[in-house]
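Heads up: the structure comes next, in C-alpha cells.
The values are calculated or read from the model by the stated rules, or taken from the named source; none is laboratory data. Just so we're clear, the structure is a prediction, and the values are computed from it rather than from any experiment. With ideal geometry, Cβ positions are generated from the backbone for all residues, glycine too; neighbour counts draw on all protein chains shown. SASA here: full protein model, heavy atoms, side chains in, ligands and nucleic acids out. Shrake-Rupley method; radii C 1.70, N 1.55, O 1.52, S 1.80 Å.
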Amino acid sequence: MSNIDPVVSILINNYNKERFCEKAVKSAINQDYKSIEVVFFDDGSSDSSLKKIMKIKKNHNNIKVLKNKKRGKIFSQNQFNAIRNSLKICKGKIICILDSDDFFKKNKIRKVVNFFLKNKKSEIVFDLPVLFNNNFEQERVENNYFKRKNKWPKFPPTSCLSFRKKSLQKYINKINYKDLNELWFDFRISTFFALKRNQFNLINDNLTFYRQ
C-alpha cells in the first residue's frame, strides 16, 4: 500500500451468499486504487461462502476474515454487529460498505477517495447504483436520490455508502437502539447524517452494482 494515498477499508458482511460473495470480494481487491484492505465478516454461514473467500485470501495479504460462530435472531442487529466488529480491526481512514451479493465498478474507490480529499468537512458520501438481478443482468441505473427537510432522505442502498472512519465510529452507536428492528443500518445512518449532521452528499456516478 502507498504511504501517500489514504487506506480504504471495504467492509463486507456475508451470510450464505456463496453464489455471489466471490464477485463482491474480487471487485474490491481489483480496484484501480490500490491502498485498500478488505474485511470479510462471515456471519456463521452454513454454505461454502467462507471456503471460497479463504481460497482467495491465500493470494492476497490485504484480506482479513472474521468468523462469527453465533448468529443472532434479529437480522438488522446482525448487520450492526458485523459492521462494528469489522471497524475494530480495520485500519482505513475511509470506510466503504459492500453487501456480499453486490459489487463495485473498478474505479469506485478512487472516486470516493477523491471526493473526501476535495471535501474536507464531509463525513459521508453516496454513489449511485446500477440495479441488476440474480443472473447479473442489468435492469436500470438509478439516480433519483435527494435530501428532504424534516423527513428521511431518499437514499441509495447500503453498498453505496462510504464514510470517514472517525465519523462512523463516533455515531454508529447512536443509531443502534434495540427497538424498531425492521429499520436497517442504511436507513438509520442515512437519516441520522441527513437530519442531525446536515450531511447528504452524492457522487453523481453509478459506481455500485446492486442486486434487487
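The set of residues in segment 1-37 being more than 16 Å from Ser162 (Cα to Cα) and among the acidic types (Asp, Glu) consists of Asp5, Glu18, Glu22, Asp32. Among the residues of segment 141-168, the one identified as at pLDDT 95 or above and of a type in the set (Val, Ile, Thr) is Thr158.
Beta carbons closer than 6 Å, at least 6 apart along the sequence or on distinct chains, pair a first residue in segment 15-44 that is farther than 17 Å from Tyr210 by Cα with a second that is open to solvent by 20 Å² or more (accessible area, probe 1.4 Å) and assigned to a strand (DSSP E or B) for Val39/Lys64; Phe40/Val65; Phe41/Asn13; Phe41/Leu66; Asp42/Lys67.
Of the strands (runs of 3 or more DSSP E) lying entirely inside segment 1-112, the ones with 2 or more residues being open to solvent by less than 20 Å² (accessible area, probe 1.4 Å) are found at 8-14, 36-42, 94-99. Here Leu180 fits the description: in a loop (DSSP other than H, G, I, E, B), more than 22 Å from Lys93 (Cβ to Cβ) and either of a type outside the set (Gly, Ala, Ser) or at pLDDT 90 or above (or both). Can you tell me how many residues in segment 24-44 are out of contact with any Ser or Thr (no Cβ under 9 Å at 6 or more places or on another chain) and either of a type in the set (A, V, I, L, M, F, W, C) or modelled with pLDDT of 95 or more (or both)? Selection size over segment 24-44: 9.
Looking across segment 155-205, the residues that are polar (S, T, N, Q) and open to solvent by less than 30 Å² (accessible area, probe 1.4 Å) come down to Thr158, Ser159, Ser162, Ser167, Asn176, Ser190, Thr191, Gln199.
Here Asp101 meets the list (1) in contact with a Leu (Cβ under 9 Å, 6 or more places away or on another chain); (2) within 22 Å of Val39 (Cα to Cα); (3) among the acidic types (Asp, Glu) almost entirely, failing just condition (1). Among the residues making up segment 118-133, a single one is outside any loop (DSSP other than H, G, I, E, B) and either basic (Lys, Arg) or free of Cβ contacts under 8 Å to residues at least 24 places away in the same chain (or both): Lys118.
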